[in-house]
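A short write-up of the structure that comes next.
Only the coordinates and a few stated rules stand behind these numbers; no lab work does. Just so we're clear, the structure is a prediction, and the values are computed from it rather than from any experiment. Please note: Cβ atoms are built from the backbone with ideal geometry, for glycine as well, and neighbour counts cover all protein chains shown.
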Amino acid sequence: MTAPTEPLVSVIVCTYNRAKLLEKTLLSLIDQDLGGAAYEIIVVDNGSSDNTRALVEEVAKSSEKIRYIHEARVGVAIARNTGARVSRARYIAFFDDDNVADRNCVRELLRPYDEIVPRPAIVAGRIDLEWEGNERPNWFCDRYDRWVSRYDFGDQPRQLTVDDYIVTMNVSFDRDSYLASGGIREDLSRKGRMFITSGDVDLFVRMLSRGVHAYYQPSALAFHFVPRSRQKRSWLFKRIFGEGTTQIVVDLDLYRKSWTAAYSRSFRELKSCVGSIGRLASARWQRSEAWLDCALMTAMHLGRMSALAQIALHRSEIVTTRE
């Protein structure tokens, strides 16, 4: 049988100044248990200033699967959308530059497209965590795992609904469906090290609203590296503050057009923030372990209030905390 002239899937890796981690990611993707002609690896360099290009070119010497693309406009959503547009495949799969894919990962991401009815347009794999130092901090409980991108809905594959969510790593899409949806909103994803997030959740909701189906495939396993810099409470506070900012950015057009909506939301957030600070003070006074949850909720409210204040000041771009 003649090999296909185009790959079945484009594995897209977006990267920004992480050459040391990127090599491990690429080696895991080159080693996938999938026919060599069945996939390509597109590395989208999002304006890196380190030796990313040289690293990719060196790794590419051992694999013809790798394509290097330079995207100077900073933003991970911009980079992902660029990768999707230059893809030549029927399917696209996104991985981050700090992921390591199990050897069967890409194959398992593709299997539901042939086996599941109704046929999905999104297949999300499972993501486990790899902690630098091989041990999570004692204070970092399981309920915080989603903030470092652990994605695990259990051992059984199943349909995903609008009550679920996806993350844009270890996830695949029917390329035409992805592009028809407009891709990821470029104002809802990280730019450099700034914590603007939720572009993946927004994309998921928009695609499901168009009538497509999504599927969770736990046998498609990848690992997400958690460096020591993200194992600190200070990092988690910044991450949650950024999430709060993002929640306002999602409805940015509404708040820019309607001062009534903006002021009403500001009043509610101020009231909630005062209550959250009160609960935090009480938890600290009682030396309760709940103090951290109260502090994180306060950070969320402060992030929302920061975004609303920037809207009131007519800022053209909403900014938030940086990693």
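In table form, for the structure just shown:
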quantity	calculated
Residue order, fewest to most beta carbons within 10 Å, for ASP155, ASP163	ASP163, ASP155
Positive-pole candidate from ALA79, ASN51, VAL250, dipole of the chain, charges at beta carbon	VAL250
Sequence-separation-based contact order of the chain, relative, with Cα cut under 8 Å and 6+ spacing, percent	18
Bridge type composition, the chain - antiparallel percent by DSSP, nearest 5	35
Most positive-pole-ward Cα, ILE311, SER288, ALA262, against dipole of the range 261-323 from beta carbon charges	ALA262
Option label - Cα extents along the principal axes in Å computed here, alternatives (1) 98, 66, 44; (2) 69, 45, 42; (3) 60, 50, 38	(2)
Whichever lysines have a C-alpha closer than 28 Å to that of LYS20, once near sequence neighbours (fewer than 8 apart) are set aside	LYS61, LYS65, LYS191, LYS232, LYS238
Residues TRP285, TRP235, TRP139, sorted so that the one with the fewest Cβ neighbours within 10 Å comes first	TRP285, TRP139, TRP235
Helix axis angle, 19-30 relative to the chain longest principal axis, alpha carbon, degrees	50
Neighbourhood net charge (14 Å Cβ-Cβ; Lys/Arg +1, Asp/Glu -1) for ALA307	-1
Theoretical gain in end-to-end length, PHE153 to LEU270 [0.36 nm per residue, Cα-Cα removed]	38.7 nm
Cα-centre dipole for the range 233-312 with unit charges at Cβ (Lys and Arg positive, Asp and Glu negative), debye to 20	160
Residue (of LEU8, PHE204, TRP139) at the positive-pole extreme of the chain, dipole from beta-carbon charges	TRP139
Estimated [θ] at 222 nm from DSSP helical runs (n ≥ 4, -39500 (n - 2.57)) normalised by residues in the chain, nearest 500	-13000 deg cm²/dmol
Cα-centred dipole magnitude for the chain, charges only on beta-carbon of K, R (+1) and D, E (-1), debye, nearest 20	1260
Order of GLU71, GLU135 - criterion: other Cβ atoms within 10 Å of each residue's Cβ, fewest first	GLU135, GLU71
